Amino acid sequence: MKHETFHYKSREEFRRKLQELGADIPLAEDTGALFKPLGRLPNRIVFQPMEGCDGGTDGSVGELALRRYIREAEGGAGLLWFEAVAIVPEGRANPRQPWLTEKTLESFQRTVDQVKEAGIRKNGYAPVMILQATHSGRYSRPEGVPAPLVAYLNPLFEKNAPLLPDRVVSDGYLDSLPEYYGKTAMLAEKAGFDGVDIKCCHRYLLSELLSAYNRPGKYGGSLENRARLLLQGIEAANAATGRDFIKTCRLNLYDAFPYPFGFGTDLREGSDRRDPGELNTLVSWLTGRGVGLLNTSMGNPYVNPHVNRPYDLGGYTPEEHPLEGVARMIAGVRELSARFPELSVIASGLSYLREFAFPAAAALVESGGAALAGFGRESFAYPAFPNDLREGKLDRKKLCVACSKCTELMRAGSVTGCVLQDKEIYLPLYRTHCMKK
Ligand SMILES: Cc1cc2nc3c(=O)[nH]c(=O)nc-3n(C[C@H](O)[C@H](O)[C@H](O)COP(=O)(O)O)c2cc1C
């Protein structure tokens with residue numbers, strides 16, 4: 001159904017719209033399920049990784065990032081999934097993306113210490129912290145090194161800017177990367193993180209490889225080949241860290257691009273119908289390597305961002321209704337949880353739902369449709385919502401309105417955060433970088 005902006009004033013009105021759309025988004029009567037501990041997690045609320053583009057050029061964690069994570073810890077979320085951190089300099093998404101090395105280790109250590117301390121001081125518990133280790137591949141924008149680096153040439157992505165074949169990474173280059181995943185995991189453990197995510201979503205390098213159906217050699221063709229680097233990354237992290245250190249992955253369940261250019265479809269030429277066949281095989285390989293927690297996502301933030309994060313305002317108006325987008329994400333997560341009952345699956349893409357995100361998340365957790373609920377844009381807008389929700393003090397005026405200004409700031413090369421709710425810092429930047437003079 002056609003796109004429209006969010007306008008639901010009551011739960012009844014919201015339910016009516018869901019019915020009209022045939023969008024299956026469950027709503028619990030109360031949100032208590034979100035505040036039940038799970039293993040070492042004090043509650044079920046996860047703050048998703050959100051790049052602030054605010055690190056030092058040397059890869060250290062910047063002051064604004066530290067401020068963000070302290071606010072998030074004080075807000076009460078049980079798990080903070082630290083933003084994408086590069087494993088190698090040529091894989092940095094921007095010249096200020098954090099990069100964990102022996103030289104920057106101290107800044108990461110200081111950050112983790114201060115963030116955990118802030119949680120303990122305010123709430124009596126420290127959030128669990130997982131570092132997202134990444135190679136940005138096609139979206140690498142480092143300074144002074146040739147970029148981008150792609151898994152294969154892709155006419156869907158290169159319509160306006162064709163790439164030369166020398167931008168395709170060689171098998172030899174890919175062979176060199178597991179060592180860096182292992183090293184990043186080892187340093188993350190040293191820094192005090194509780195786990196590492198071998199990032200495989202949103203069409204950054206590992207995620208793009210999953211759809212390298214036509215790439216020749218040992219990283220293309222069969223699923224085993226396409227998943228080779230992801231699995232080796234997990235194995236390298238296993239070898240480099242202790243048993244209790246969490247090894248996990250943020251995985252694209254579905255790219256929403258037609259075969260042979262997208263992972264998670266039914267493998268018929270030109271089809272973009274979601275089909276979890278290969279996904280289920282891949283997840284069984286991950287669980288076989290000790291992965292017990294899986295974060296999820298779909299789509300790509302550049303070419304089909306409405307799949308990745310349904311919005312009211314964005315770079316284009318999609319054909320799809322945003323609630324259909326949220327329902328797709330929920331369907332994928334429920335299917336995976338049903339198929340792998342021992343796996344703790346994290347739901348994603350809920351921020352669009354405003355105040356209905358919390359009963360939706362609670363319904364998913366209550367029913368076993370997901371073990372945990374992740375919030376990305378909401379963590380920028382309203383980092384204190386977990387405590388406010390638990391105490392019955394949720395303030396609707398503070399909620400994310402899916403306006404995409406955080407993305408606009410990022411695309412304009414600025415540091416980013418919530419322009420509407422964290423005005424003092426980000427509104428002046430928005431005026432400078434994004435508004436016409
Ligand atoms: C500004 C911005 C930065 C992001 N940075 C990351 C990131 O570093 N790693 C990642 O996996 N996803 C990243 N995402 C995606 C979010 O984690 C999340 O999947 C997306 O916003 C949808 O969830 P939501 O509806 O809760 O916002 C980013 C999204 C935005 C808007």
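So the values come out like this:
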{"item": "Local electrostatic count, Glu224, Cβ distance below 12 Å [Lys/Arg +1, Asp/Glu -1]", "result": "+2"}
{"item": "Label-point separation in nm, Glu117 to Leu153, each point 7 Å along Cα→Cβ", "result": "5.4 nm"}
{"item": "Radius, Kirkwood style, for the range 393-437 when every pair of distinct Cα atoms is counted (Å)", "result": "10.9 Å"}
{"item": "5 angstrom amide H check on Asp266, placed H, neighbours 5+ away", "result": "Arg273, Asp275"}
{"item": "Reciprocal mean inverse distance between Cα atoms of the chain - Kirkwood radius, Å", "result": "21.6 Å"}
{"item": "Order of Ile234, Ile246, Ile425 - criterion: other Cβ atoms within 10 Å of each residue's Cβ, fewest first", "result": "Ile425, Ile246, Ile234"}
{"item": "Cα centroid separation - the range 95-131 against the range 1-15, whole Å", "result": "39 Å"}
{"item": "Those trypsin sites (Lys or Arg not before Pro) in the range 133-214 that DSSP places in a loop and that have at most 11 other beta carbons within 10 Å", "result": "Lys159"}
{"item": "10 Å-binned pair-distance histogram of the range 40-114 (Cα, whole percent)", "result": "20, 51, 25, 4"}
{"item": "Per-residue HN-Hα couplings for the range 205-217 [Karplus 6.51, -1.76, 1.60; θ = phi - 60°; Hz; x = Gly/Pro]", "result": "3, 5, 5, 5, 4, 4, 10, 7, 4, 9, 6, x, x"}
{"item": "Exposure rule at most 12 other beta-carbon atoms within 10 Å, DSSP loop GluC sites (Glu not before Pro): the chain longest free segment", "result": "144-268"}
{"item": "Karplus 3J(HN,Hα) series, Hz, for the range 16-32 with 6.51 cos²θ - 1.76 cosθ + 1.60 (x for Gly, Pro)", "result": "4, 5, 4, 5, 4, 7, x, 8, 8, 10, x, 10, 7, 6, 9, 9, x"}
{"item": "Segment Lys9-Lys423, extension gain: residue separation times 0.36 nm, minus the distance between their alpha carbons", "result": "146.5 nm"}
{"item": "Stretch in the chain that is longest and holds no chymotrypsin sites (Phe, Trp or Tyr not before Pro) that DSSP places in a loop and that have at most 15 other beta carbons within 10 Å", "result": "1-301"}
{"item": "Quarter of the Cα convex hull surface for the range 223-334, i.e. its orientation-mean projected area (nm²)", "result": "8.0 nm²"}
{"item": "Efficiency of FRET from Cβ geometry, Lys436 and Trp285, R₀ 60 Å, rounded to 0.05", "result": "0.75"}
{"item": "Segment Glu224-Asp266, extension gain: residue separation times 0.36 nm, minus the distance between their alpha carbons", "result": "13.4 nm"}
{"item": "Label-point gap, in nm, between Glu63 and Asp244 - each point 7 angstrom along Cα→Cβ", "result": "3.6 nm"}
{"item": "Expected 222 nm ellipticity per residue - DSSP helices of 4 or more, -39500 (n - 2.57), all of the chain, to 500", "result": "-10500 deg cm²/dmol"}
{"item": "Integer Hz, Karplus 6.51/-1.76/1.60 couplings in order for the range 150-164, x for Gly and Pro", "result": "10, 6, 6, 6, 9, x, 5, 8, 10, 3, 8, 9, x, 9, 7"}
{"item": "Centre separation in Å (Cα based) which lies between the range 419-437 and the range 305-339", "result": "27 Å"}
{"item": "Exposure proxy order (Cβ contacts within 10 Å, fewest to most) of His202, His321", "result": "His321, His202"}
{"item": "Förster radius 22 Å - calculated FRET efficiency between Arg16 and Asp275 (Cβ-Cβ, nearest 0.05)", "result": "0.10"}
{"item": "Counted charge near Gly144, where neighbours are those whose Cβ lies closer than 15 Å (Asp, Glu -1; Lys, Arg +1)", "result": "0"}
{"item": "Which of Val85, Val196 has the fewest Cβ neighbours within 10 Å, and the rest in rising order", "result": "Val85, Val196"}
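Bear in mind that the values in this text are calculations on the coordinates, not laboratory data. A quick note: this is a predicted structure, and the numbers were derived from the prediction, not measured. All Cβ positions, glycine included, derive from the backbone under ideal geometry; neighbour counts span all protein chains shown.
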